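Q: Take this structure, written in structure tokens, and hold onto it; I'll ask about it next.
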Amino acid sequence: MTRFTPMRSGRIKAGAAAVAGALLLSSCASFNGIESSRQLQTPSELPAGASLPAQGGAWPTMDWVAQLGGAPLRALVEEALTDNPGLQVTAARLASAQAAVDLSRANRLPTVGAGLSSTYQRYTETGLIPPPLAGEYKADTQLALNFSHELDFWGRHDAELRAALAQGRAVDAEQYSARLTLTAAISRAWLQLARQNAQLELTRQQLVAREKLGRLTALRFKAGLDTESESEQTRQQLEGLRAEIVQWQEAMALTRNQLAALMGKGPDRGLAIAAPPLPPESATALPDQLPLGLLGRRPDIVASRWRVEAAQGEIASAKAQFYPNVNLTAFAGFSTLSLDRLLEAGSRIVGIGPAIRLPVFEGGRLRAQLKGRVAGYDNAVASYNQTLVDALRDVADQVQSLRAAEAQGGHQRAATQAASNALRLARERERVGTTNMLPVLASELALIVQRKVELENQARRADLRVNLVRALGGGFDADAAGLAAEQSSSSSKSAS
């Protein structure tokens, strides 16, 4: 006969537990064959060195608004960042994401509750309860503390927390992106107001010069030196300029309405916004390592990266659903059929034990759920890749347009200078008596036309610089904001 020693008995129990665990795992539903092959793109896969050459420039700083428009523009932006309803929506989404993080953290902790119940009932005489309780009316009273804790062997709650944290960081980065978009929109509308006001002033100067020419044409018509056709042409040009003045006034009113709406205010707020001058020219040089630097400088890219991280956490959580779920429950308290004896020592109750749930057959629910999470990951990766491509195109577009505008500006300045020289020569000839006022007024009008064209180019360059600042992230820095996605898992790995 074989004798079992305590040590041998322990080994048998341990072996049995291992076999039982293996059987449990082998009987679980399987997620084999459900995986993603998507890869996050990197800047090195999107060549941009020729289009965006390193120039030793600096990234935009957070005070770029003050550099552009000084205290007046900064005051408008700060008011908008406080009162714009769109930003308030984003702030509410951020609070909701933080609440989801708090919930995920709470799911990792044990739960303890207290309960008091009292049920007055008649006990059946034909059931399991023997006399003298059978057929009696008694109050079954229980007072107890209940304890429950899920033993998260497979890391489901950790994965859920990881996903919630990533979602929160994504929303946080999106809030930076929304603030940048709003700031750029305010700045561009402010520049638009400056352009419209300057064009209005030049059109008024044009009208004054054209009125002088009209009076001179009328005198020449009376003297028989000009025909009625020249007089009507002058009248046509005068009315056209008066109509153009009304158009610029309308445009300024609409821009003020736009600014007021961006600031979250009624249209009357726009009436108090003074028309500013166009800002002076400023040099623009691209920073080194531009494509790589965009990963941490563009809040939309950072937000997309955190969406990928959140999707990875959701996949890990969905996979953990395939494994056994182990809950530890316990209770301690008092239970009695006589309320006056509830707190006596003999009424004490206590219990503890595990509860195991094993997913063996779920009708495809778990696999379908995981497939959905993998599809969500694929979508997040594709969105990230598209965001990176769009960001590089955005910067390249602004750089190319700015280069072209600067080249056009050089030619236009030369044209304006030539028109100014022509006016100076016409005035000199009129002074010495070799010509009359007609060439002088014509040259003055030609100069104003060139100034209006130059103003358009100057305003476009200012607008493009704002767009370039926005495309470069507007001073956002993921490291400084605590949102650097590189702190998470490798971005080059697909979900597995």
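The values are calculated or read from the model by the stated rules, or taken from the named source; none is laboratory data. Everything numeric here is computed off the predicted structure, so don't read it as measured data. Quick reminder, even Gly has a Cβ in these numbers, built from the backbone with ideal geometry, and neighbours come from all protein chains shown.
Q: Can you tell me which of 119, 141 is surrounded by 15 or more Cβ atoms within 10 Å (Cβ to Cβ), more than 24 Å from residue 473 (Cα to Cα) and at pLDDT 85 or above?
A: 141
Q: Here's another thing I want to ask about it. I'd like the full set of residues that are over 19 Å from residue 457 (Cα atoms), assigned to a loop (DSSP other than H, G, I, E, B) and of a type in the set (A, V, I, L, M), limited to region 250-294.
A: 263, 272, 273, 274, 285, 286
Q: Which residue out of 387, 416 is closer than 30 Å to residue 454 by Cβ and not aliphatic (A, V, I, L, M)?
A: That would be 416, the only listed residue that is closer than 30 Å to residue 454 by Cβ and not aliphatic (A, V, I, L, M).
Q: Considering only residues that are outside any loop (DSSP other than H, G, I, E, B) and farther than 17 Å from residue 117 by Cα, which ones fall in region 131-151?
A: 148, 149, 150, 151 - these are the residues of region 131-151 that are outside any loop (DSSP other than H, G, I, E, B) and farther than 17 Å from residue 117 by Cα.
Q: Here's a follow-up. If you check residue 408 against the conditions, is it surrounded by fewer than 17 Cβ atoms within 10 Å (Cβ to Cβ), under 30 Å from residue 297 (Cβ atoms), modelled with pLDDT of 95 or more and touching a Ser or Thr at 6+ places or on another chain (Cβ under 9 Å)?
A: Judged against the criteria, residue 408 is not a match.
Q: Looking only at region 91-122, which residues are more than 26 Å from residue 328 (Cα to Cα), out of contact with any Asp or Glu (no Cβ under 6 Å at 6 or more places or on another chain) and in the same structural domain as residue 332 (by TED's automatic domain parsing)?
A: Within region 91-122, 120, 121, 122 qualify.
Q: Separate question: Criterion first (modelled with pLDDT of 85 or more, within 30 Å of residue 399 (Cβ to Cβ), in the same structural domain as residue 399 (by TED's automatic domain parsing) and among the small types (Gly, Ala, Ser)) does residue 275 satisfy it?
A: Yes, satisfied.
Q: Mind checking whether some residue in region 247-265 is among the hydroxyl-bearing types (Ser, Thr, Tyr) and in contact with a helix residue (DSSP H, G or I) (Cβ under 6 Å, 6 or more places away or on another chain)?
A: Within region 247-265 (the criterion being among the hydroxyl-bearing types (Ser, Thr, Tyr) and in contact with a helix residue (DSSP H, G or I) (Cβ under 6 Å, 6 or more places away or on another chain)), the answer is yes, since at least one residue qualifies.
Q: Every residue in region 415-438 that is in a helix (DSSP H, G or I), over 60 Å from the mean Cα position of the chain (by Cα) and exposed (fewer than 13 other Cβ atoms within 10 Å of the Cβ), please.
A: 428, 431, 432
Q: A further question follows. Do we find a residue being farther than 30 Å from residue 471 by Cα and modelled with pLDDT of 95 or more anywhere in region 210-218?
A: no
Q: Scan region 53-110 residue by residue and report those that are at pLDDT below 90, among the charged types (D, E, K, R) and over 27 Å from residue 295 (Cβ atoms).
A: Hits for region 53-110 are 83, 102, 105, 108.
Q: Which of the numbered conditions does residue 116 fail, given that it passes all the others? Conditions: (1) among the aliphatic types (A, V, I, L, M); (2) touching a Phe, Trp or Tyr at 6+ places or on another chain (Cβ under 8 Å); (3) under 14 Å from residue 336 (Cα atoms); (4) not in a loop (DSSP other than H, G, I, E, B).
A: Among (1) among the aliphatic types (A, V, I, L, M); (2) touching a Phe, Trp or Tyr at 6+ places or on another chain (Cβ under 8 Å); (3) under 14 Å from residue 336 (Cα atoms); (4) not in a loop (DSSP other than H, G, I, E, B), the lone unmet condition for residue 116 is (2).
Q: Can you confirm whether residue 441 is buried (at least 19 other Cβ atoms within 10 Å of the Cβ), in contact (Cβ under 8 Å) with a residue 12 or more places away in the chain, within 20 Å of residue 217 (Cα to Cα) and of a type in the set (A, V, I, L, M, F, W, C)?
A: yes
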